[in-house]
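To start, the structure itself, in structure tokens.
Derivation of every value follows stated rules applied to the coordinates shown; laboratory data play no part. Note that the structure is predicted; figures quoted are calculated from it, not measured. Cβ coordinates were reconstructed from backbone atoms using ideal geometry, including for glycine residues, and neighbour counts include every protein chain displayed.
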Amino acid sequence: MANLLFYLMAVGAVVASLGVVVSRSPIASILSLLASFFCLATIYLLAGMEFVAAAQILVYGGAVMVLFLFVVMLLNLGAPESAPDAAPRRRWAMPAALATSAALGLSIFVGVLGQDGVQAADAGAGLQEVDTLAGLAELLFGRYLLPFEAGSVLLLAAAVAVIVLAKRQRAAAAGRLHQGESEREAA
Amino acid sequence: MTVPNEHLLILAGILFSIGVGGFFLRRNLIVVLMSIELMLNAANLTFIAGSRAHSSSGEPNLEGGLFAIFVILVAAVEAAVGLALVIALYRRKQTVSVADLDELGD
């Protein structure tokens, strides 16, 4: 069962990655990338790396994807042919939304109903999972504390860099504005 | 999961090749950044496979997963800075196409 899921997710990851590279519209690329990330997170989960799977979903699926989508929509790069194509695409929106919510609801339903069986089967495995996480934390805050701190400094530097990159333009524009005002005053 | 490790590595190789192809073939800078993310993900999968190859049944090896987390951190930083650069570039030149950025090649 787990092996079958792995091969299913492997095929899904490859197809979604091809979709990223092949598709014309940047929005479709981003959504394919999201699907690829989810498939890979499932593979990490199957390989016994629960925390990596969670980090993958949180950081990639949550933060990085939103960043990409935000930039594409901010720069208005999504599908320039939007006006004539809008109507046929919207026809698929409602069935797609219904299917997605039905699948999510079904998974919650199955998860809640099937909980007893899962707990009985995985009682031993559950204990081991906690051990994996504790071992990861011991490594992260023990032997690899220095890379961890370096990573946090890197994040801080990136935050400052992004603010500077976004702000410099505004300062230059303000400078130009001031220059224009003084020229007008001089005239 | 009893999948042999070779299959994980083959999958990682395929994903990395797709990422490299997108990096070299696509002109849109945002898609190029996404191809880099694909390559980093393939590297993560290789780390996980290596961790799996070195762990025995009683004692799991976790260092591969740890480095996968570091790679995820660096990938997030790379995406943030890269997209900020894309926005700065778009403000300056009104384009995100690699083909239009040829000042250094002239």
What fraction of the Cα pairs in region B:5-97, stated in percent, has a spacing above 16 angstrom? 61
Quick shape check on region A:1-78: root eigenvalues a ≥ b ≥ c of the Cα gyration tensor, a/c under 1.5 is rounded, otherwise prolate if a/b tops b/c, else oblate, and it reads oblate
Partner shielding of B:91-98, as the mean number of partner chain Cβ atoms within 10 Å, equals 2
Springs between alpha-carbon atoms under 10 Å, Gaussian network over chain B: tell me which of B:52, B:27, B:91 tops the mean-square fluctuations. B:91
Given +1 on the Cβ of Lys and Arg, -1 on the Cβ of Asp and Glu, and no further charges, what dipole in debye does chain B carry about its Cα centre, rounded to the nearest 20? 280
Signed unit charges on C-beta, dipole axis of region B:26-106, positive-most listed residue B:42, B:65, B:101: B:101
Packing-based ranking, highest mean first, of B:5-13, B:80-88 given that Cβ atoms within 10 Å are counted: B:80-88, B:5-13
